[in-house]
Amino acid sequence: MINIGNNVKIADGVRILTHDFSLSVIANTYDEIIGSVRKVTIGNNVFIGMNATILAGTVIEDNVIIGAGAVVSGKCKNNSVYAGNPAKKIESIDELYKKRKNKEIENAKELARTYYIKTGKIPTSDVLREYSMLFLDKSQKIPGNLRKIMIAAGALENIQENISKKNIPFKDINDFIEHCNLK
């Protein structure tokens, strides 16, 4: 009753329902049991955020992000981000990518500065692991912390194949730290 595709990440607290017990209300009103069991289909390359609820009969297509706490029913279309209760499409994956890409350096600097203010220490590549591609040395082996994220995301092979085409804005982590004005 539940079909799950490839490269699907399901966060803690997610509930996937193929039925509910609302039949009890109908049973007590009309003196009969009418079932409501329906399958749930989750496509490929999907992330379902913490504490989301996927209701019976839902179809989540490919390349979809479901926000934390969303209550999902019906059809979530390809290449989209859904959030809320009830879940509604809030943007396309392309829009999310562009928005995050445009703020990537700003967000990395914010993390570095916040870490420095809180700890008094210069952030390491472990602290900045999600932003490591900003200062990755393409001639070196992909560092362990970044490699782990790529593996967890199911994207290691694709990223490795295409990394030479990527624009890396900083020559190394020290160049990035200098850009943050932490020293």
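Observations on the structure shown:
- Test: residue 145 is modelled with pLDDT under 90, in contact with a Lys or Arg (Cβ under 9 Å, 6 or more places away or on another chain) and closer than 28 Å to residue 51 by Cβ: yes
- Residues of region 133-168 satisfying the condition of being closer than 13 Å to residue 109 by Cα and in a loop (DSSP other than H, G, I, E, B): 135
- Restricting region 58-111 to residues that are out of contact with any Lys or Arg (no Cβ under 9 Å at 6 or more places or on another chain), of a type in the set (S, T, N, Q) and surrounded by 13 or more Cβ atoms within 10 Å (Cβ to Cβ) leaves a set whose member that is nearest to residue 40 (Cα to Cα) is 73.
- Cβ separations smaller than 7 Å between residues 6+ apart or across chains give the following pairs from region 129-147 residues that are within 13 Å of residue 167 (Cα to Cα) and in contact (Cβ under 8 Å) with a residue 40 or more places away in the chain to residues that are aromatic (Phe, Trp, Tyr) and outside any helix (DSSP H, G or I): 134/170; 135/170.
- For region 32-40, the condition of being of a type in the set (Val, Ile, Thr), over 20 Å from the mean Cα position of the chain (by Cα) and at pLDDT below 95 holds for at least one residue.
- For region 58-100, filtered to residues that are part of a strand (DSSP E or B) and of a type in the set (Lys, Arg), the residue that is farthest from residue 133 (Cα to Cα) is 75.
- In region 1-26, of all residues being among the small types (Gly, Ala, Ser) and part of a loop (DSSP other than H, G, I, E, B), the one that is nearest to the chain's Cα centre (by Cα) corresponds to 11.
Let's see how each residue does on (1) in the same structural domain as residue 109 (by TED's automatic domain parsing); (2) polar (S, T, N, Q); (3) over 22 Å from residue 112 (Cβ atoms):
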| residue | (1), (2), (3) |
| --- | --- |
| 132 | yes, yes, no |
| 135 | yes, no, no |
| 139 | yes, yes, yes |
| 143 | yes, no, no |
| 150 | yes, no, no |
| 155 | yes, no, yes |
| 158 | yes, yes, yes |
| 163 | yes, no, yes |
| 174 | yes, yes, no |
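- Entry remark, region 119-134: residues being at pLDDT 95 or above and either of a type in the set (Gly, Ala, Ser) or on the phi > 0 side of the Ramachandran plot (or both) number 1 in total.
- Restricting region 45-57 to residues that are over 15 Å from the mean Cα position of the chain (by Cα) and within 13 Å of residue 13 (Cα to Cα), the residue that is surrounded by the most Cβ atoms within 10 Å (Cβ to Cβ): 54
The values are calculated or read from the model by the stated rules, or taken from the named source; none is laboratory data. Owing to the predicted nature of the structure, the values given are computational and were not obtained by experimental measurement. Neighbour counts are summed over all protein chains in view; Cβ atoms, including those assigned to glycine, are modelled from backbone coordinates with ideal geometry.
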